[in-house]
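*Asks:* Below you will find the structure I want to go over with you.
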Amino acid sequence: MKLSVIGCGYLGAVHAAAMARLGHTVVGVENDERRYEALSKGEVPFYEPGLPEMITAEIEAGRLTFTRDIADATDAEVHFVCVGTPQTPGRHAADMTYVNGAIDGLLPVLRPGAVVVGKSTVPVGTAAGIAERLDEHGTDVSLVWNPEFLREGFAVQDTLEPDRIVMGVGPGERGQQAGKVLQEVYADILDTGTPLVVTDFPTAELVKTAANAFLATKISFINAMAELCETTGGDVTKLSEALGHDARIGRRFLNSGIGFGGGCLPKDIRAFMARAGELGADQALTFLREVDAINLRRRDAAVGVVMAWLGGRVVGKRIAVLGAAFKPDSDDIRDSPALSIAEALHVRGADVVLHDPKALANARRKSPQLGYADTVEQAAHGADAVLVLTEWQQFRDLDPAVLGEIVAGKRVFDGRHALDPDRWRAAGWEYKTLGRPHA
């Protein structure tokens, strides 16, 4: 089929390449000139394993092209809207500027019978409004809401091998027919047995925000338990292990540490709360305020541990921070706990030197006041403390004996429970973390 993808940021670039890999002819529409130029040459302006190779292969195969002119999408039978919905400055609500702009741009080029597919994360009720706009325009175009569930670092796999596909369709035969068109787009994926959930617009919109709210709640729950462990002398890693064996709870997303970040969970739970308030159902989601508060407290707790460790003040102390991305296998620094902690220590007078395998350039742009190093060794040289704040595998694999030869003080703070405490202590290091006994 002929498809268009409107917006080729993280979600759109992955989706466009994956749809081409499925055999469709895809045109990606991207307004940002720098991003368009990069993608057209098979380059990806962000880090996502496997994506550059897939984009290059699909461009060379002739199935994937990129454009800045939405008129080039006129022939498409299905149009995927993949633009961002960032948090509105000064508010918790989602900023719908890009979604509304994408629909404005699409209306003049839509052919009768085309299907518009929303993939952006939006407040519940958005799809119904867009469907009304399409009807008012007289385009005889149908809408399907098809939320994405991508994990950064695994986005290609999550698109081609999802754990479910959700389709929100409009009422009547027209809505059912639009759903069948999208099923044809995903036919190869569905043929492998991937579960398909067909529902209405509001339910499809809620699936995405509810999923992120649940994951955020699970992470904040175990971090709340870490706070209790710090008070009682318990060990949150053993607590997580024991809880995870309960099939009703499960082990995934039950890792304590310095909390969640990124471009989805923080802003999505805030937008969820804001939308519930607009609908008069704010009491249903008041618990998410505490989820957010617990998450932010973990950053403060980490700063407090390091401050106390270094005598109550860090002025003039050299601190090596390993990690800037909010998670490994990503260069995304949006709302990153690691970068937030580094900034907080800098404000308190520390000489912070940061290293990250992929996120250095983004971190430099965001926080030019910090120091940066191209290697772990450069960051750690002469450091009074080393902070592991993103659980990259190369940080997990560090040799404490070798690193101990270049630091000024053998102190390591493990913000992600990524290191073996016994191994580091055996090499002469003081080891501290959150939610575990320090002795």
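The values are calculated or read from the model by the stated rules, or taken from the named source; none is laboratory data. Quantities reported herein were computed from a predicted structural model and do not represent experimental measurements. Neighbour counts are summed over all protein chains in view; Cβ atoms, including those assigned to glycine, are modelled from backbone coordinates with ideal geometry.
*Asks:* Can you pull out the residues in the range 367-395 that are surrounded by 16 or more Cβ atoms within 10 Å (Cβ to Cβ) and under 19 Å from the mean Cα position of the chain (by Cα)?
*Replies:* Leu389, Thr390, Glu391, Trp392 - these are the residues of the range 367-395 that are surrounded by 16 or more Cβ atoms within 10 Å (Cβ to Cβ) and under 19 Å from the mean Cα position of the chain (by Cα).
*Asks:* How many residues are crowded, with 20+ Cβ neighbours inside 10 Å and not in a loop (DSSP other than H, G, I, E, B) if we restrict to the range 1-24?
*Replies:* The qualifying residues number 16.
*Asks:* I need every pair where a residue in the range 166-189 that is under 16 Å from Ile130 (Cα atoms) and without any contact (Cβ under 8 Å) to a residue 60 or more places away in the chain has its Cβ under 7 Å from the Cβ of a residue that is surrounded by fewer than 21 Cβ atoms within 10 Å (Cβ to Cβ) and acidic (Asp, Glu), sequence separation at least 6 or different chains.
*Replies:* Between residues of the range 166-189 that are under 16 Å from Ile130 (Cα atoms) and without any contact (Cβ under 8 Å) to a residue 60 or more places away in the chain and residues that are surrounded by fewer than 21 Cβ atoms within 10 Å (Cβ to Cβ) and acidic (Asp, Glu), the close pairs are Gly168/Asp200.
*Asks:* Is it the case that some residue within the range 393-411 is within 22 Å of Ala226 (Cα to Cα) and modelled with pLDDT of 95 or more?
*Replies:* There is at least one residue in the range 393-411 that is within 22 Å of Ala226 (Cα to Cα) and modelled with pLDDT of 95 or more.
*Asks:* Could you figure out which of (1) small (Gly, Ala, Ser); (2) out of contact with any Pro (no Cβ under 7 Å at 6 or more places or on another chain); (3) crowded, with 17+ Cβ neighbours inside 10 Å isn't true of Gly193?
*Replies:* Condition (3) is where Gly193 drops out.
*Asks:* Of the residues in the range 397-417, how many are touching a Pro at 6+ places or on another chain (Cβ under 9 Å) and free of Cβ contacts under 8 Å to residues at least 60 places away in the same chain?
*Replies:* 3
*Asks:* Buried (at least 23 other Cβ atoms within 10 Å of the Cβ) and either touching a Pro at 6+ places or on another chain (Cβ under 8 Å) or under 20 Å from Tyr431 (Cβ atoms) (or both): which single residue out of Ala324, Ala320 fits that description?
*Replies:* On inspection, the qualifying residue turns out to be Ala320.
*Asks:* If you don't mind, another one. Among the residues of the range 190-209, which ones are within 30 Å of Arg297 (Cβ to Cβ) and without any contact (Cβ under 8 Å) to a residue 40 or more places away in the chain?
*Replies:* Across the range 190-209, there are no qualifying residues.
*Asks:* Looking at (1) within 30 Å of Lys119 (Cβ to Cβ); (2) touching a residue at least 40 places away in the same chain (Cβ under 8 Å), can you tell me which one Thr286 breaks?
*Replies:* Among (1) within 30 Å of Lys119 (Cβ to Cβ); (2) touching a residue at least 40 places away in the same chain (Cβ under 8 Å), Thr286 violates only (2).
*Asks:* Condition first: within 20 Å of Ser240 (Cα to Cα) and either part of a helix (DSSP H, G or I) or among the basic types (Lys, Arg) (or both). Now tell me which residues in the range 401-426 satisfy that.
*Replies:* If we filter the range 401-426 for residues that are within 20 Å of Ser240 (Cα to Cα), which is where we start, we get 413-422.
The answer is Arg416, Pro421, Asp422.
*Asks:* Answer with yes or no whether Ala383 is in the same structural domain as Ala216 (by TED's automatic domain parsing) and farther than 26 Å from Asn255 by Cα.
*Replies:* Yes, satisfied.
*Asks:* Take the residues in the range 133-160 that are charged (D, E, K, R) and within 16 Å of Lys327 (Cβ to Cβ), then tell me which one is modelled with the highest pLDDT.
*Replies:* Only one residue fits best here, namely Asp158.
*Asks:* So, one more: Among the residues in the range 73-86, are any crowded, with 18+ Cβ neighbours inside 10 Å, in the same structural domain as Ile189 (by TED's automatic domain parsing) and at pLDDT below 95?
*Replies:* Looking for residues that are crowded, with 18+ Cβ neighbours inside 10 Å, in the same structural domain as Ile189 (by TED's automatic domain parsing) and at pLDDT below 95, one finds at least one in the range 73-86, hence yes.
*Asks:* Taking the condition β-branched (Val, Ile, Thr) and under 19 Å from Ala204 (Cα atoms), does Val117 pass?
*Replies:* Yes.
*Asks:* A follow-up question, please. With respect to Asn255, is the statement that it is at pLDDT below 95, of a type in the set (S, T, N, Q) and surrounded by 18 or more Cβ atoms within 10 Å (Cβ to Cβ) true?
*Replies:* Taking the combined requirement at face value, the residue satisfies it.
*Asks:* Hey, another quick one. Taking the criterion of being touching a strand residue (DSSP E or B) at 6+ places or on another chain (Cβ under 9 Å) and in a helix (DSSP H, G or I), would at least one residue in the range 321-339 satisfy it?
*Replies:* Checked against the condition, which is being touching a strand residue (DSSP E or B) at 6+ places or on another chain (Cβ under 9 Å) and in a helix (DSSP H, G or I), the range 321-339 yields at least one hit.
*Asks:* Being among the polar types (S, T, N, Q), farther than 22 Å from Asn223 by Cα, outside the structural domain of Tyr10 (by TED's automatic domain parsing) and assigned to a helix (DSSP H, G or I) is the requirement here; does Gln394 meet it?
*Replies:* Yes.
*Asks:* Here's a follow-up. Considering only residues that are modelled with pLDDT under 95 and touching a helix residue (DSSP H, G or I) at 6+ places or on another chain (Cβ under 9 Å), look in the range 258-267 and name the one that is surrounded by the most Cβ atoms within 10 Å (Cβ to Cβ).
*Replies:* This residue is Cys264.
*Asks:* Next question. Could you pull out the residue among Gly153, Gly175 that is in a loop (DSSP other than H, G, I, E, B), small (Gly, Ala, Ser) and crowded, with 18+ Cβ neighbours inside 10 Å?
*Replies:* Gly153
*Asks:* Right, next: With the requirement that a residue be among the β-branched types (Val, Ile, Thr), modelled with pLDDT of 95 or more and more than 16 Å from the chain's Cα centre (by Cα), what does the range 216-231 give you? Let's see the steps before the verdict.
*Replies:* Pass one, the range 216-231, residues among the β-branched types (Val, Ile, Thr): 217, 219, 222, 231.
From the residues that got through so far, the ones that are modelled with pLDDT of 95 or more too are 217, 219, 222.
If the condition is that a residue be among the β-branched types (Val, Ile, Thr), modelled with pLDDT of 95 or more and more than 16 Å from the chain's Cα centre (by Cα), then Ile222 is the only one that fits.
*Asks:* May I ask you to verify whether Phe326 is in contact (Cβ under 8 Å) with a residue 60 or more places away in the chain and farther than 23 Å from Leu150 by Cα?
*Replies:* no
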